Amino acid sequence: MSFRAVSDPQNLVNSDSGVRITVRKLTKWFNREPLYQDFNLEIEKSKVSCIFGPNGCGKSTLLNAIAGLVPIDSGQILFDGKTLHETRIGYVFQNYRDALYPWLKAIDNIKYPLKVARYSRIQQRLRVEELVGLFDTKIDLNRYPYELSGGQQQLVSIMRALAIQPAVLFLDEPFSALDYEATLSIRDKLQDVFQTSNLTTVMISHDLEEAVYMADNILLMTKRPTQIAEIVKFNSTRPRKATIFADPKFIQIKSHCLEVFQKEVRR
Ligand SMILES: Nc1ncnc2c1ncn2[C@@H]1O[C@H](COP(=O)(O)OP(=O)(O)OP(=O)(O)O)[C@@H](O)[C@H]1O
């Protein structure tokens, strides 16, 4: 888990400006083979970018390199020209079971980054109330993670990641360990967040339909050494509803992404 806070906690309470992420000449090798070699990418500010690509092409490595969880061999990653340490980020892991602190109640998990950022007790309480309102959640936050369902735990993880009002939110396959009902519910709640904030969001998805549904930009990756095959825009307004799956524009974008993906896999 990664929380970074800068400046005065007082200023963080109402701050929500997104940032553009620039990846320049990223090089990362594993086992004497290049995964990324002189890789360049611009991630659009205040938009949702979904990473989609062949198995093992380096989606998690890219997300984690940008989030500072994986060291890079060379290159530069900037957030509106600033370093990671000068940027507030939130990270949601695929496996919520390992991500929440099991010894802390849900409410204390959410407050944890606020404590690290030295929010006062009142600020912590107000921010939790704001998040509960935002997500319209009926979860009893005085329960421990093991007392909550998978969907509820992942929702707590998302609320924790959003607690310090990050400028960038990273989501590594946030729905892959959830049942369908929980996935639909959390997707909708996240869409509300995207609609009402300037959050720059980078998400990995293994499901092309989901990637297009959630994204403003779909980042299609090549096989390794990995490059961007294409960035496909989907500018349908939010909130997006299930009816969008039958929308001709949605179908056209998804088919195009699938074509690019299949060409890469066969390469
Ligand atoms: N810690 C590591 N040590 C050695 N090799 C690694 C390590 N992490 C990743 N790799 C290599 O880098 C490649 C890309 O891994 P990564 O998890 O980033 O891909 P991915 O696209 O997210 O994979 P998947 O589609 O399976 O989720 C893997 O095939 C693996 O060989």
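The values are calculated or read from the model by the stated rules, or taken from the named source; none is laboratory data. Remember, it's a predicted structure, so these values are computed and weren't measured experimentally. FYI the Cβ positions are ideal-geometry reconstructions off the backbone, even for glycines, and counts take in every protein chain you see. Side chains are part of the model used for accessible areas, which takes the heavy atoms of the whole protein and leaves out ligands, DNA and RNA. Shrake-Rupley method; radii C 1.70, N 1.55, O 1.52, S 1.80 Å.
Charge dipole of the chain (Cα centre as origin; +1 on each Lys and Arg Cβ, -1 on each Asp and Glu Cβ, all else neutral): 440 debye, rounded to the nearest 20.
A Gaussian network model of the chain, with springs between Cα atoms under 10 Å, assigns the largest mean-square fluctuation among Ala163, Ala229, Ala246 to Ala246. Accessible area per residue for the chain, computed on protein heavy atoms with a 1.4 Å probe, is 48 Å². Annotation note: trypsin sites (Lys or Arg not before Pro) in region 119-155 located in DSSP loop regions with a Cβ neighbour count of at most 13 within 10 Å are Lys138. Taking each DSSP H run with n ≥ 4 as -39500 (n - 2.57) and averaging over every residue of the chain yields -11000 deg cm²/dmol at 222 nm. Extension gain for Gln262 to Glu230 (0.36 nm times residue separation, less C-alpha to C-alpha distance): 10.2 nm.
If you filter region 156-254 for GluC sites (Glu not before Pro), then keep DSSP loop positions with at most 11 other Cβ within 10 Å, what is left? Mind showing how you got there, number by number?
Working: sites: Glu181, Glu209, Glu210, Glu230; in loops: none.
Listed in order of number, the matching sites amount to none.
In summary, the chain shows an alpha-carbon radius of gyration equal to 0.99 times the 2.2 N^0.38 Å reference for compact globular proteins.
Sorted by accessible area (1.4 Å probe), largest first, how do Trp29, Trp103 line up? Spell out each step's value before the answer.
Values: Trp29 110, Trp103 170 Å².
Heavy-atom accessible area, descending, gives Trp103, Trp29.
A probe of 1.4 angstrom, applied to the heavy atoms of all protein chains, finds Phe30 with accessible area near 90 square angstrom. Taking a ≥ b ≥ c as the square roots of the eigenvalues of the Cα gyration tensor, region 126-174 is classed as oblate, since a/c reaches at least 1.5 and a/b does not exceed b/c.
What Kirkwood hydrodynamic radius do you get for region 139-267 when you take the inverse of the mean 1/r over all pairs of distinct Cα atoms, in Å?
Working: mean 1/r = 0.0619 Å⁻¹.
Here the Kirkwood hydrodynamic radius works out to 16.1 Å.
For the chain, find the longest principal axis of its Cα atoms and tell me its angle to the long axis of helix 121-135, 0 to 90°, nearest 10. Orientation of helix 121-135: about 50 degrees from the principal axis. Shown for the chain: the carbon plus sulfur share of the solvent-accessible area, taken with all protein chains present and a 1.4 angstrom probe, equals 49%.
Note on Leu134/Ile251: beta-carbon distance plugged into 1/(1 + (r/R0)^6) with R0 of 25 Å gives a FRET efficiency of 0.20.
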